[in-house]
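The values are calculated or read from the model by the stated rules, or taken from the named source; none is laboratory data. Computed from a predicted model, the values in this text were never measured in an experiment. We place every Cβ from the backbone using ideal geometry, glycine too, and count neighbours over all the protein chains shown.
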Amino acid sequence: MLPFKVIYHEGYDLHLGAHVFPSQKYRLIRDLLLREGIAVPEDFLAPEPASDEDVLLVHSQEWVRKLRTGRLTPLEQMRMEIPYSRATMEAFWLAAGGSILAGERALVDGLAANIGGGFHHAFPEHGEGFCMIHDVAIAIRRLQKNKAIETAMVVDTDVHHGNGTAAIFGGDGNVFTLSIHQESNYPMPKPPSSMDIHLPDRIGDEDYLAILEKHLLQAFHDFHPGVLFYVGGADPYCEDQLGGLGLTIEGLKRRDKLVFEHAQRRGVPVAITLAGGYARRLEDTVRIHANTILAAAEVARAKAAASLR
């Protein structure tokens, strides 16, 4: 049994067909967690879809109307890089509901993980880069609206810069955004986050981890959030089709533990979302994502054991 809740819904699959984004991965992550005994059925919670009222905390009425009715222009369709369908739209609303629930549970238990979400390329008035709406931003705004938090931090480790996150929270002193990503990759241009870490191509585990820790220390020195939303990207992996960094599967798990341990030391709850992941072997992407949840469990258990000493 896990020491925190995992949010999952069968409706997370985006139904993209033959696409580089393997959205069937969500079910496969759940299956692996159960098959290997990392989790038991009681560890899982099913979310409700985000309400339109929730989505409108971040996105424009016009964009929500277009998504609800399917009346997107050819340019808007092309920019998203995924085909529109009602099932796909509903999956994004579910993912946003999952990130809201993960945020709520993290505030109770210290940790929670949404198997979906992490759609960090969505802007208030358009989608792009496989992202229709920005689930993490919606969750933060919902928690703020409910007075559950005042401040939040987003730590984004996807290989691609979190441009939607940077645009949504730019100038907002209550939300600190950190993005560590490959500099020479999508998107171009990259709007400024609170802290951007632009990495060279093919950087490996040790250099990556040292750079990340240095910046995490600075981020936590500068800002103390009420909750941390972790966008755990699987695509810094050395064999990712859309990435150009050189991390190993074990290095990615060490990355996750590093973030969770720094948050834990400061008493900051963490809500996890699982983003990216386009490995040549789908099973590698699934393993990387499952390891993020396993890393969180190991950190939580180590904390519990230390408290008993």
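Select from the range 34-75 the residues that are among the hydrophobic types (A, V, I, L, M, F, W, C) and in contact with a strand residue (DSSP E or B) (Cβ under 7 Å, 6 or more places away or on another chain) and list them in ascending order. Result: Ala39, Phe44, Leu45, Trp63.
When you look at Val20, is it surrounded by 16 or more Cβ atoms within 10 Å (Cβ to Cβ) and in a loop (DSSP other than H, G, I, E, B), yes or no? No: the conditions fail for Val20. When restricted to residues that are more than 13 Å from the chain's Cα centre (by Cα) and either surrounded by fewer than 22 Cβ atoms within 10 Å (Cβ to Cβ) or small (Gly, Ala, Ser) (or both), the range 118-140 contains 6. Which condition from (1) farther than 22 Å from Gln182 by Cβ; (2) surrounded by fewer than 24 Cβ atoms within 10 Å (Cβ to Cβ) is the one that Ala271 breaks? Condition not satisfied by Ala271: (2). Scoring Phe229 on the criteria (1) touching a helix residue (DSSP H, G or I) at 6+ places or on another chain (Cβ under 7 Å); (2) surrounded by fewer than 17 Cβ atoms within 10 Å (Cβ to Cβ) leaves a single failure, condition (2). Is it true that Leu28 is touching a helix residue (DSSP H, G or I) at 6+ places or on another chain (Cβ under 8 Å), at negative phi, surrounded by 14 or more Cβ atoms within 10 Å (Cβ to Cβ) and not in a loop (DSSP other than H, G, I, E, B)? Yes: the conditions hold for Leu28. Count of the range 264-309 residues, restricted to those that are in a helix (DSSP H, G or I), under 17 Å from Leu32 (Cβ atoms) and of a type outside the set (A, V, I, L, M, F, W, C), is 8. Residue pairs whose Cβ atoms lie under 8 Å apart, sitting 6 or more positions apart in sequence or on different chains, and linking a residue in the range 213-229 that is touching a residue at least 24 places away in the same chain (Cβ under 8 Å) and over 13 Å from Met153 (Cα atoms) to a partner that is hydrophobic (A, V, I, L, M, F, W, C) and part of a helix (DSSP H, G or I), are Glu213/Leu258. If I filter the range 150-166 down to residues being surrounded by 24 or more Cβ atoms within 10 Å (Cβ to Cβ) and hydrophobic (A, V, I, L, M, F, W, C), which single residue comes out as farthest from Ala106 (Cα to Cα)? Out of the qualifying residues, it is Val159.
Can you name the residue in the range 1-17 that is over 20 Å from Val136 (Cα atoms) and of a type in the set (A, V, I, L, M, F, W, C) and, of all such residues, is surrounded by the fewest Cβ atoms within 10 Å (Cβ to Cβ)? Checked the range 1-17; the qualifying residue surrounded by the fewest Cβ atoms within 10 Å (Cβ to Cβ) is Met1.
The listed residues are Tyr237, Tyr230, and the only one of them that is under 22 Å from Glu81 (Cβ atoms) and among the aromatic types (Phe, Trp, Tyr) turns out to be Tyr237. The residues of the range 274-289 that are surrounded by fewer than 24 Cβ atoms within 10 Å (Cβ to Cβ) and over 12 Å from Ser23 (Cβ atoms), listed by number, are Arg280, Arg281, Glu283, Asp284, Arg287.
Once the range 204-226 is narrowed to residues that are closer than 24 Å to Val286 by Cβ and of a type outside the set (Gly, Ala, Ser), the residue that is surrounded by the fewest Cβ atoms within 10 Å (Cβ to Cβ) is Leu209. Looking across the range 98-117, the residues that are surrounded by 24 or more Cβ atoms within 10 Å (Cβ to Cβ) and in a helix (DSSP H, G or I) come down to Gly98, Ser99, Ile100, Ala102, Gly103, Ala106. Restricting Gly233, Gly226, Gly170 to residues that are modelled with pLDDT of 95 or more, in contact with a strand residue (DSSP E or B) (Cβ under 9 Å, 6 or more places away or on another chain) and farther than 21 Å from Ala106 by Cα narrows the list to Gly170.
Ile168 falls short on exactly one of the conditions (1) over 26 Å from Met80 (Cα atoms); (2) of a type in the set (A, V, I, L, M, F, W, C); (3) touching a residue at least 24 places away in the same chain (Cβ under 8 Å); (4) part of a helix (DSSP H, G or I), and that condition is (1). Residue-level analysis places His161 among those that are assigned to a loop (DSSP other than H, G, I, E, B), of a type outside the set (A, V, I, L, M) and within 15 Å of the chain's Cα centre (by Cα).
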